[in-house]
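Read through the structure below, which is laid out as structure tokens, and then see the notes.
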Amino acid sequence: MRVGDLSSGASKLANALKQMNLKWDAATETWHDARAKAFHKENVEPLLPSVKDTLDALGRLAEVLDRAARDVSDSDGF
């Protein structure tokens, strides 16, 4: 992993979210009472937009870092 590479961390975060959703889906096959609904509402639902926003921000930041790296490498000859 090179310095400033955000894709590895973003991939891990996206994979963790996917795994959490798979595990939650499996849990709801047997756990579907009021406590399960409350747990989902209080703990799972708030993560979804936060993780999506974080992944979007990491994507934008990665673009900025890539552009900066190109700009620096282009100016090395001066």
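No lab work stands behind these numbers, since they all come straight from the coordinates. Remember, predicted model here, so these are calculated numbers, not experimental data. Here the Cβ positions follow ideal geometry from the backbone for every residue, glycine too, while neighbour counts run over all protein chains shown.
Remarks
- Pairs linking a residue in region 44-65 that is aromatic (Phe, Trp, Tyr) to a residue that is surrounded by fewer than 12 Cβ atoms within 10 Å (Cβ to Cβ) and assigned to a loop (DSSP other than H, G, I, E, B), with Cβ atoms under 9 Å and 6 or more positions apart or on different chains, do not occur.
- Boolean, residue 42 is over 13 Å from the mean Cα position of the chain (by Cα) and under 19 Å from residue 22 (Cα atoms): yes
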